[in-house]
Amino acid sequence: MASEKVVHISDSEFDSDIVGNSLPCLVDFWAPWCGPCKAIGPVIEELAEEFDGKVVIAKMNVDDNPSTPGKFGIRAIPTLILFKGGEVVDQITGAVGKSQLQDLINKAL
């Protein structure tokens, strides 16, 4: 079951939902055909529950939204970028463990 806490965003919503957000935002750049993206999906949903109200957890399908991933030079997926105050704080490429993502998020809190 997909978590309603994970926000699905598009190129057109990126500036208002992520850059303009007062909370830190973790964006998962993914695609439906990507095996590692599917593997990390449940972890992203767990993080959305865990950090609800403290961090925005968002997913962007790179096939449907090519502009934003291009702006950030994303060449491989999954790539997770942590934003705070509209600026890139850190990023991780590849399917990583939950504890590594928790550490990444905690940097912005």
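The values are calculated or read from the model by the stated rules, or taken from the named source; none is laboratory data. In this text the structure is predicted, and so the values were computed from the model without any measurement. Note that each Cβ is placed from the backbone with ideal geometry, even for glycine, and that neighbours are counted across all protein chains shown.
Which of the following residues is charged (D, E, K, R) and either modelled with pLDDT under 95 or farther than 16 Å from VAL96 by Cα (or both): ASP28, ASP15?
After applying the criteria, what remains is ASP15.
Return the residues of the range 86-107 that are in contact (Cβ under 8 Å) with a residue 24 or more places away in the chain, surrounded by fewer than 18 Cβ atoms within 10 Å (Cβ to Cβ) and not basic (Lys, Arg); say none if nothing qualifies.
Answer for the range 86-107, where residues must be in contact (Cβ under 8 Å) with a residue 24 or more places away in the chain, surrounded by fewer than 18 Cβ atoms within 10 Å (Cβ to Cβ) and not basic (Lys, Arg): GLY86, VAL89, GLY94, ALA95, VAL96, GLY97, GLN102.
Residue pairs, Cβ under 8 Å, 6 or more apart or interchain, first in the range 52-63 and small (Gly, Ala, Ser), second surrounded by fewer than 19 Cβ atoms within 10 Å (Cβ to Cβ) and part of a strand (DSSP E or B). List them.
If the second residue must be surrounded by fewer than 19 Cβ atoms within 10 Å (Cβ to Cβ) and part of a strand (DSSP E or B), the pairs left are ALA58/VAL7; ALA58/HIS8.
How many residues, within the range 10-29, are β-branched (Val, Ile, Thr) and surrounded by fewer than 21 Cβ atoms within 10 Å (Cβ to Cβ)?
Qualifying residue count, the range 10-29: 1.
Collect the residues in the range 64-84 that are touching a residue at least 12 places away in the same chain (Cβ under 8 Å) and of a type outside the set (Val, Ile, Thr), keeping them in residue-number order.
ASP64, ASN65, PRO66, SER67, PRO69, PHE72, ALA76, PRO78, LEU80, LEU82, PHE83, LYS84
With (1) buried (at least 19 other Cβ atoms within 10 Å of the Cβ); (2) touching a Pro at 6+ places or on another chain (Cβ under 9 Å) as the list, and LEU47 as the residue in question, which single condition is left unmet?
Answer for LEU47: the failing condition is (2).
Name the residues in the range 30-43 that are touching a helix residue (DSSP H, G or I) at 6+ places or on another chain (Cβ under 8 Å) and surrounded by 21 or more Cβ atoms within 10 Å (Cβ to Cβ), would you?
Within the range 30-43, TRP30 is the sole residue that qualifies.
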